[in-house]
Amino acid sequence: MSRWVLVVLLAWLVLVATAWVWMPPDAPPLCPFRRATGYPCPTCGSTRAAVAFLTGRPADALALNPFMSIAMVLTPLFIAWRFSLGRRWAGLSSRTCVRLIWLALVLLALNWGYLLWTNAAASAS
């Protein structure tokens, strides 16, 4: 495994652990987009989802932000899998990279729709 992959994984672990230690579960939103518009951004709830996941509440994490909760688990696994096979990122074809980017964008848009819907439902009640 290359050094940069270890650095990225370590940075990810440090960020998630920091959120787990310092952010209370009922903390107010920190997102500047949400503060300015009143609407959640596509990644709103990601930090709270990480805290919920790390404190043993995966259902709460999925409810807060499904895309980021799943990505938080799958991204390190995907990186480890790619490098365990001896493949590098450069080994991905440009077609595969484009497909992965489009898939991520579509999933992010669906996630944003979910967040807007749950925000509207919470505001209505």
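Please report, in Å, the Rg and the Dmax of the range 34-125, where both are computed over Cα atoms only.
Taking only Cα atoms of the range 34-125, I get Rg and Dmax of 15.9, 52 Å.
Check which residues have an amide H placed less than 5 Å from C41's amide H, if you skip close sequence neighbours.
R34
The numbers here are math on the coordinates, done by the rules we state, and not lab data. The model shown is predicted, which means the values in this text are computed figures rather than measured ones.
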